[in-house]
Amino acid sequence: MAFDVDFFVIGAGSGGVRAARIAAGHGAKTIVAEESRIGGTCVIRGCVPKKLYVYASRFADDFADAAGFGWRVGETSFDWPSLVAAKEKEITRLSAAYRANLAASGAALIEERATIVGPQRVRLASGKEFSARHILISVGSRPTHLPGVEGLEHAITSNEVFDLPVFPRRLLVIGGGYIAVEFASLFQRLGSHVTQVLRAPNVLRGFDDDMRASVRDAMARAGVTLRFGCLPMRIERLADGALRVTLSDFAAIEVDQVLMATGRRPYTKGLGLETAGATLSAHGAIKVDENLTSEVPSIHAVGDVTHRVNLTPVAVREGHALADRLFGPGAKPIRYDTIASVVFGTPELGAVGLTEAEAVERFPSVDVYRTDFRPMKATLSGSAERTIMKLVVDGATQRIVGAHLLACDAGEMIQLVAVAMTIGATKADFDATMAVHPTAAEELVTMRRPTARYEDGKRIS
Ligand SMILES: Cc1cc2nc3c(=O)[nH]c(=O)nc-3n(C[C@H](O)[C@H](O)[C@H](O)COP(=O)(O)OP(=O)(O)OC[C@H]3O[C@@H](n4cnc5c(N)ncnc54)[C@H](O)[C@@H]3O)c2cc1C
């Protein structure tokens, strides 16, 4: 049977653009449909603008630290509209680069919403239909709102926060995941009074408990007011434009903006998957097998819409692998066990592999190496910042199975630890590696004695 195209990609974000480019490069007739700006969440309203704002926020620390090094910094001020405009220029440039790369690969771009009307049929918002040998769903995810909050329409999400017309002098962040922590940390540094409210007893569920406690302390030191174990009940707009938020412990807080960072959900609503026979998880995710193919053999999915590891490099790698498998030489299985992730607070938290608690559950014997020290820069700046590093080692094989770094530039360091773990590095390999001095990273190869040892789930030293 002849199809209009070999490959129809829905969504020009991280995963979709990579899949389309690689497929077109293999000679597949490829179309990508995008309903919003080219580049997706990461480029337009995620990783990229977030990191630019994190950079902006850290000047506050630099100005404060400078005096200890002999600098006299005059009065400083921060202009939010200038940052928003500079960010906009950069993401516009990046989006154009994505567009140009797609065109150069030979993939065609259609800037319209697309839905599925059959296992091998797609309909555009304009009504035009295409038959496709393979369809890729790379539509990403959307922020979710907490249910049951009165006045929810007054709250914003990460989609709106980057372009607020007025800088929020008082910001309430709801949620405790990495996006909530990053926005709380950066807005506090830019000059907001940030209150962070979360249901859990600590931030960053899923990360190493030790590091979670240290991130919480660093945020409190930066001035963020943290309120654990409560939720917003009601948000009201006051006559002066401010928002009054009543919490579940009946406290009321007045703020200028309420940022809901309470999770994301695959963007599958109204996509028409049911017409093709694909089923969704309770969370709305498309179920795929190890080849990234759904229950319908012609429909595939990569990235956030599968709700497994919701990170840009994962979406990109999955898109690449899928295109290689469908139209190219085939693809090696993707390694999901050494994916590093970073929380871009200040300092950064980098993590890869198992937490201490997970390792203790999984292995009969575990050695933990931990160091906690004042970073060199803080000796002159007077900052109270701490650097904490932890290596989690399988006692039997001595392989490093987890690494957790709370440090300036931990994101840069953890990438390289992930390489070592991917090739199966042992503690002895780290020990045999010469240190780079004077750095914080040298501590990774100079931790001599375990600070904790576990046998059969029990701590023995
Ligand atoms: C605030 C924030 C910060 C983040 N920071 C990081 C980070 O530091 N590091 C990291 O690795 N990840 C980060 N992420 C996560 C990262 O952005 C996502 O994992 C990644 O973008 C997922 O890529 P994707 O291709 O699955 O989807 P997306 O990049 O979201 O792309 C999906 C695209 O599909 C389009 N679309 C949806 N439905 C349709 C339709 N029916 N028709 C046509 N087009 C459609 C959308 O408009 C969108 O452009 C962050 C996310 C957020 C929200």
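The values are calculated or read from the model by the stated rules, or taken from the named source; none is laboratory data. Because the structure is predicted, anything quoted here is derived from the model rather than measured. Neighbour counts are summed over all protein chains in view; Cβ atoms, including those assigned to glycine, are modelled from backbone coordinates with ideal geometry. Note: accessible area is taken over every heavy atom of the protein model, side chains too, but ligands, DNA and RNA are not part of it. Shrake-Rupley method; radii C 1.70, N 1.55, O 1.52, S 1.80 Å.
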The chain, relative contact order [Cα under 8 Å, separation at least 6], %: 16
At R0 = 30 Å, FRET efficiency that the Cβ-Cβ distance of ALA2 and GLU295 yields, to 0.05: 0.75
Student exercise, the stretch 20-154 dipole from Lys, Arg, Asp, Glu Cβ charges, in Debye to nearest 20: 800
Cα centroid separation - the stretch 307-349 against the stretch 384-461, whole Å: 23
Two-decimal log10 I(q)/I(0) for the stretch 242-350, as the Debye equation yields it once each C-alpha is a single scatterer, q = 0.14, 0.23 Å⁻¹: -0.74, -1.27
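Multiply the residue gap between THR275 and ARG199 by 0.36 nm, knock off their C-alpha separation, and tell me the result in nm, one decimal place. Mind showing how you got there, number by number?
Details: separation 76, 0.36 × 76 = 27.36 nm, distance 3.78 nm.
Full extension from THR275 to ARG199 adds 23.6 nm.
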Positive dipole terminus of the chain, leading residue within LEU271, VAL43, SER126 (C-beta point charges): SER126
In nm, spacing of pseudo-spin labels at ASP429 and ALA357 (7 Å Cα→C-beta vector): 2.9
30 Å Cα cut-off, lysine pairs counted over the chain (separation 8 or more, or different chains): 26
Residue-count net charge about VAL73 - beta-carbon cut-off 10 Å; Lys, Arg +1, Asp, Glu -1: -2
Spin-label model distance (nm) - THR115 vs ALA100, 7 Å beyond Cα toward Cβ: 3.6
Charge dipole (the chain, unit charges on Cβ, about Cα centre) - positive-most of MET389, GLY13, PHE183: GLY13
For the chain, size of Cβ-based charge dipole, Lys and Arg +1, Asp and Glu -1, in debye: 300
Alpha-carbon Rg with Dmax, taken over the chain, Å: 23.8, 75
Net charge over other residues, Cβ less than 13 angstrom from the Cβ of GLY457 (K, R count +1; D, E count -1): -1
Shape parameters for the stretch 1-150, alpha-carbon atoms, Rg then Dmax in Å: 21.2, 75
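Can you give the FRET efficiency for PHE78 and ALA242, using 1/(1 + (r/R0)^6), R0 = 25 Å, r = Cβ-Cβ distance, to the nearest 0.05?
The value I calculate is 0.75.
Just add up the charged neighbours of ASN202: K/R +1, D/E -1, any other residue whose Cβ is under 9 Å from the Cβ of ASN202. Write out the running numbers ahead of the final one.
Details: positive: ARG205, ARG212, ARG216; negative: ASP209.
Here the count lands on +2.
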Cα-based equivalent ellipsoid, the stretch 294-347: semi-axes from gyration tensor eigenvalues, Å: 25, 13, 9
Sum of -39500 (n - 2.57) over DSSP H runs of 4+, divided by residues of the chain (222 nm, nearest 500): -9500 deg cm²/dmol
Label zone at SER36 (point 7 Å along Cα-to-Cβ), backbone N below 13 Å, the stretch 1-21: 11-14
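Relative to the compact globular guide of 2.2 N^0.38 Å, what is the alpha carbon radius of gyration of the stretch 76-117, as a ratio? List each step's numbers first, then the result.
Numbers: Rg = 16.4 Å, N = 42, 2.2 N^0.38 = 9.1 Å.
Relative to the rule-of-thumb radius for its length, the stretch 76-117 sits at 1.80.
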Volume in Å³ per residue [convex hull over Cα atoms, computed for the stretch 344-407]: 78
Spin-label model distance (nm) - LEU231 vs GLN398, 7 Å beyond Cα toward Cβ: 5.0
R0 of 35 Å, Cβ-Cβ distance THR144-ALA86: FRET efficiency to nearest 0.05: 0.75
Nearest-10 value in Å² for the accessible area of ASP79, using the 1.4 Å probe: 80
Under DSSP loop assignment and at most 11 Cβ neighbours within 10 Å, longest chymotrypsin sites (Phe, Trp or Tyr not before Pro)-free interval of the chain: 72-249
Radius of gyration and maximum dimension Dmax of the stretch 174-263, Cα, Å: 13.0, 44
Long-range Cα-Cα pairs in the stretch 163-312 (distance over 21 Å), rounded percent: 55
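I'd like the per residue volume of the convex hull spanned by the Cα atoms of the stretch 298-427, given in cubic angstrom.
Working: hull volume 17.3 nm³, N = 130.
Dividing the Cα hull volume of the stretch 298-427 by its residues yields 133 Å³.
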